[in-house]
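Working notes, beginning with the structure itself.
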Amino acid sequence: MPKITQEKKRERKEHILNIAFELFAEKGYSATGMRDIMKAANVSKGGIYVYFESKAAILLSIVERFDNRRHNILESIDTTLSAEEIFDCYLRERLERFKYEENRKWSRLALEFWSLPERIPELSRIMDRRFKAYQKDIEYIIRQGIDKGVFRKDCLIDEVVYQIMSTINGVGVLSGAMGRVITDNQINETIKMHLKYLKGE
């Protein structure tokens, strides 16, 4: 019997993750069993356990995969732009992601896995890392704006960061769980609202 190549193993693992992601997003993590994944992915019990020891391990791999895909938005923004434009670019990209079906599915799954840390402790580490990374991005943008004299000096940075992250997560809930996809006009008005406070207008 010919040996399975490493490339083939990676393909099979990705296939299982893709199928599991679709099932988790559609049915929910708790309502999806390993048998559901095996059937949908057309793999045997022995086949799936070669790659994943449990359903929790599959979920963690999916979360890690999405986490690794997160590119540093700040690195893609032109640093010669004004502080106001940099803030606009950053928040716009974060919000526009919810227009795409894959990200809306991710939001639906995220709503459930936020309730799972006690059952899957490793999720707490991943969630904390993601939160701190986004928090650091937003804090940096605001501080740059203050230093350049564009944003108000009495800006309550911690509170503003909380409000902005709440906005992003709220849009994720509305688009993912409720199917209310954000529009370009809503994105524009949301950015204007936050900038109005930051500039003290």
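General observations
- At R0 = 25 Å, FRET efficiency that the Cβ-Cβ distance of N103 and K153 yields, to 0.05: 0.10
- Helical content of the chain, expressed as a calculated mean residue ellipticity at 222 nm, amounts to -23000 deg cm²/dmol (DSSP H runs of 4 or more residues, -39,500 (n - 2.57) each, divided by residue number, nearest 500).
- Calculated FRET value between A57 and E93, using beta carbons and R₀ = 22 Å, to 0.05: 0.10
- Per-residue HN-Hα couplings for the range 21-36 [Karplus 6.51, -1.76, 1.60; θ = phi - 60°; Hz; x = Gly/Pro]: 4, 4, 5, 4, 5, 7, 9, x, 4, 5, 8, 9, x, 4, 5, 4
- For the range 28-98, the C-alpha radius of gyration sits at 1.73 times the compact-globule guess of 2.2 N^0.38 Å, with N the residue count.
- P(r) tail fraction, the range 1-54 - alpha-carbon pairs more than 18 Å apart, %: 30
- Between S30 and T183, full extension at 0.36 nm per residue minus the direct alpha carbon distance yields a gain of 51.9 nm.
- The gain in end-to-end length when the N169 to R10 segment is fully stretched comes to 54.0 nm, 0.36 nm per residue minus the alpha carbon separation.
- Structure-derived mean projected area of the Cα convex hull in nm² - corresponding label in (1) 10.6; (2) 14.7; (3) 13.4: (3)
- Taking all Cα pairs closer than 8 Å and separated by 6 or more residues, the relative contact order of the range 6-63 comes to 38 percent.
- Dividing the mean sequence gap of close Cα pairs (under 8 Å, 6+ apart) by how many residues the chain holds gives a relative contact order of 24 percent.
- Other residues whose C-beta falls under 15 angstrom from the C-beta of G179 contribute a net charge of +2, scoring Lys and Arg +1 and Asp and Glu -1.
- Computed over the range 40-142, Cα set: Rg, Dmax in Å: 17.2, 56
Quick note: the coordinates plus some simple rules give every number you see, no bench work behind them. All values reported here derive from a predicted model rather than from experimental measurement. Don't worry about glycine lacking a Cβ; one is built from the backbone with ideal geometry, like all the others, and counts go over all protein chains shown.
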